[in-house]
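The structure under discussion appears below in the form of structure tokens.
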Amino acid sequence: GKTVTSIGHQAFKSCTSLTRITIPDSVTSIESEAFGVCSSLTSITIPDNVTSIGRFAFFWCDGLTNITIPEGVTSIGESALMGCNRLTNITIGDSVTSIGSSAFAGCGKLNTVTFHGDAPRAGNYTFINSSPTIYRKPEAKGWGDTWAGRPVKLISEKP
């Protein structure tokens with residue numbers, strides 16, 4: 001049988017009745033706009049083999065309340081989670097080294113972003129119209145008091 005290794009450009013774009021999806025372990029990339037405007041998607045499981053999340057991959061996914069970016073991912077594309085206006089929590093695995101411009105823009109309910117690794121490179125406007133607190137591990141490197149304009153605290157300080 002064929003093995004799916006990539007969720008292609010616009011693969012599920014505007015599938016407004018899609019409510020949950022588990023991506024198979026064989027997938028290594030989620031391409032641009034793959035799940036854009038999947039407004040009923042409430043649950044997504046991204047496997048550890050995924051290394052990149054493309055531009056606008058999950059933009060305007062109004063149903064998502066939280067998402068975990070697994071340990072294998074190294075880059076999160078521009079506007080990847082833009083406009084996910086019910087998203088409250090994001091957990092980001094320790095391999096992410098770059099986050100694109102406006103990645104989490106317009107996520108008005110976002111209050112917690114937890115990073116498991118060192119501080120990644122941030123694009124412009126990462127959190128425009130979003131105002132979360134960032135939480136990090138004490139041993140992680142490159143963090144200051146703020147990141148992309150948002151306050152940074154230790155995971156142990158989470159309410």
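Tell me, what HN-Hα J-couplings in whole Hz come from the Karplus equation 6.51 cos²θ - 1.76 cosθ + 1.60 at θ = phi - 60° for each residue of region 23-28, using x for Gly and Pro?
The phi angles translate into 7, x, 4, 6, 6, 10 Hz.
Using a 1.4 Å probe on the protein heavy atoms, what percent of the accessible area of region 11-159 belongs to carbon and sulfur? Please list the in-between numbers first.
Values: 3100 of 6680 Å².
Whole-percent figure for carbon plus sulfur exposure: 46.
How much accessible area per residue does region 8-99 have, counting only protein heavy atoms and a probe of 1.4 Å, in square angstrom? Each step should come with its number before you reach the end.
Working: 3720 Å² over 92 residues.
I get 40 Å² per residue for region 8-99.
Apply the Karplus curve 6.51 cos²θ - 1.76 cosθ + 1.60, θ = phi - 60°, to the phi angles in region 72-85 and return the couplings in whole Hz, x for Gly and Pro.
x, 6, 9, 9, 10, x, 3, 6, 4, 10, 4, x, 7, 7
What residue among Pro24, Ile53, Phe104 has its Cα farthest toward the positive end of the dipole of the chain, where the charges are +1 on Lys, Arg and -1 on Asp, Glu, each on the Cβ?
Phe104
Heavy-atom accessible area of Thr97 with all protein chains present, probe 1.4 Å, nearest 10 Å²?
80 Å²
With bins 10 Å wide starting at 0, give me the P(r) of the chain over every alpha carbon pair, in whole percents.
12, 44, 34, 9, 1, 0
Find the centroid of the Cα atoms in region 80-99 and in region 126-145, then give the distance between the two in whole Å.
12 Å
By a straight-distance test (C-alpha under 16 Å), which aspartates and glutamates pair with Lys13 as possible cross-link partners, with residues fewer than eight away in the same chain excluded?
Straight-line reach from Lys13, under 16 Å: Glu31, Glu33, Asp62.
Can you bin region 71-126 into rounded, prolate or oblate? Criterion: square roots of the alpha carbon gyration tensor eigenvalues sorted a ≥ b ≥ c, rounded for a/c under 1.5, prolate for a/b above b/c, oblate for the rest.
Numbers: a/c = 2.10, a/b = 1.36, b/c = 1.55.
It is oblate, given that a/c is not under 1.5 and a/b is not larger than b/c.
Which value, in Å² rounded to 10, gives the accessible area of Thr45 with a 1.4 Å probe and all protein chains present?
70 Å²
If amide hydrogens are placed 1.01 Å from N in the peptide plane, which non-local residues have theirs closer than 5 Å to the one on Ile69?
Counting only residues 5 or more places away or on other chains, the set is Thr91, Ile92, Gly93.
Considering amide H positions built from the backbone, and no H for Pro or chain starts, which residues 5 or more places from Trp147, or on another chain, come under 5 Å of its amide H?
Under 5 Å from the amide H of Trp147 lie the amide H atoms of Val152, each far enough along the sequence or on another chain.
Report, by chain and number, residues whose modeled amide H sits under 5 Å from the one on Leu110, excluding near sequence neighbours (fewer than 5 apart, same chain).
Amide H neighbours of Leu110: Ser131.
Got a sec to turn the phi values of region 126-136 into Karplus ³J(HN,Hα) couplings, 6.51 cos²θ - 1.76 cosθ + 1.60 with θ = phi - 60°, whole Hz, x for Gly and Pro?
Result, ordered by residue: 3, 10, 4, 6, 9, 9, x, 9, 8, 10, 9 Hz.
The values are calculated or read from the model by the stated rules, or taken from the named source; none is laboratory data. Quick caveat: nothing in here was measured; it's all calculated off a predicted structure. Glycine also receives a Cβ, built like all others from the backbone with ideal geometry; neighbour counts cover every protein chain displayed. Please note that ligands, DNA and RNA were not included when accessible areas were found on the heavy atoms of the full protein model with its side chains. Shrake-Rupley method; radii C 1.70, N 1.55, O 1.52, S 1.80 Å.
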